[in-house]
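First up is the structure itself, then whatever we jot down about it.
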Amino acid sequence: MDNKAPVMQGSFDLYAEELKTFLVNLELWGVVEDAAAVRAIASDAQFCRMNNLARGAILRGVPKADAELICHEQSAQDMWKAFVVDKQTKREYANYIFARQRLVANPFTPDRSMDDWLREMQLFRQELMHYKRSVSDEEFAEIILGNVVQTHRDVVRQFSRHYGEAFTFALEVLNISPSSALAGETPYTRRFGEQSELSNLRTWGCLAFAFTQKVLRKSKLENPGKPCIFLGYAKNSISYRVLDLRSGNIQELRTVEFAENWTVERSYVEKLLLNRFSRGKYKLPFKIPYVRLNDLTAPSASMSFGITCRVENDIAVMILGIVTQVLWSMLRSLWVSLRWQVYLRVDCRA
């Protein structure tokens with residue numbers, strides 16, 4: 001038998017077995033595995049000799065960088081535990097990086113089933129919980145949107161600063177939508193015992209015109225309809241939440257007209273939000289570039305749009321538009337855990 005202590009040249013598991021075999025043959029493994037039990041049956045001098053031999057074997061075998069970190073430990077047991085914990089931590093972190101990479105770099109393509117892909121993404125997310133590094137719902141939404149193809153991602157990216165608004169609105173719609181888990185009832189009906197109000201549902205992100213009362217207008221020639229983007233419903237009042245397309249401010253208003261087939265070109269909204277929230281200095285055009293919701297990815301869709309527009313109030317168009325199929329499907333997959341958290345009554349009367 002070789003009297004030299006083994007040197008770590010391969011994996012940690014291989015070295016651990018080699019060291020254990022070596023110390024067992026020398027009857028020294030006890031001071032590494034259970035030092036207290038050995039101390040109880042051995043004299044102080046004998047225990048000190050066994051401990052020093054085991055420490056020397058460990059220091060000789062581990063990499064120099066690790067030896068520098070554990071050499072201050074006085075007992076072989078503490079020295080080995082420190083080395084094992086460090087290696088296990090590094091291994092778990094490496095496994096976490098690999099698992100997170102699988103989550104982040106798992107693109108959705110049109111040839112795949114959306115339900116299967118979302119189920120797979122949810123499994124990858126749950127795998128990260130084994131490493132005590134959970135992914136929040138907001139971060140998961142960002143990853144979902146980052147993994148879809150460009151034509152899907154462009155629809156939502158222009159409102160990246162208002163994902164929270166879209167998420168809250170989607171929850172409101174889910175709460176008043178029939179659910180197979182509730183035998184066709186809506187969560188709102190199950191919670192409050194009455195039918196939900198659907199007449200005020202609008203397409204999230206669609207074009208809206210906020211009416212300005214005559215007493216609040218700066219002049220007689222001021223346009224009474226201010227262009228906005230619909231973001232959702234106010235929590236503490238019966239009104240709509242809209243994004244002013246001139247100032248970038250979010251307002252809560254009662255009198256609003258909607259053009260649900262229209263929204264605003266992405267670059268305009270990005271520059272508007274940068275000017276409002278990030279001290280940007282972009283010069284915005286006087287004429288706001290409007291686009292049709294179903295033609296957002298077509299460059300020819302951009303145009304100047306007057307105040308008059310055919311408004312189609314089809315309440316079946318609940319979440320279509322800016323909240324794309326990706327965000328909608330993702331929220332449905334999270335619905336089981338979130339359905340009882342938010343119950344908002346949509347009862348806005350313009």
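Can you tell me the order of 172-183, 252-263 when each peptide is scored by its average per-residue count of other Cβ atoms within 10 angstrom, highest first? Mind dumping the intermediate values first?
Numbers: 172-183: 15.9, 252-263: 19.6.
The peptides rank, most packed first, as 252-263, 172-183.
Near the amide H of Ala208, within less than 5 Å, lie the amide hydrogens of Cys228, Ile229, Phe230, Ala259, all on another chain or at least 5 residues away, with H placed in the peptide plane. Taking packing as the residue-averaged number of other Cβ atoms within 10 angstrom, the listed peptides 276-286, 12-22 run from highest to lowest as 12-22, 276-286. Under the simplified labelling scheme, the Arg190-Lys4 pair shows an inter-label distance of 6.9 nm, with each label point 7 Å from Cα along Cα→Cβ.
Our estimate of slack between Val85 and Phe286, defined as 0.36 nm per intervening residue step minus the Cα-Cα distance, is 66.1 nm. Binning all Cα-Cα separations of region 12-92 at 10 Å, short to long from zero, yields these whole-percent fractions: 18, 54, 24, 4.
Read the figures in this text as sums done on the coordinates, not as results from a lab. Computed from a predicted model, the values in this text were never measured in an experiment. So basically every Cβ, Gly included, is an ideal-geometry build from the backbone, and we count neighbours across all protein chains shown.
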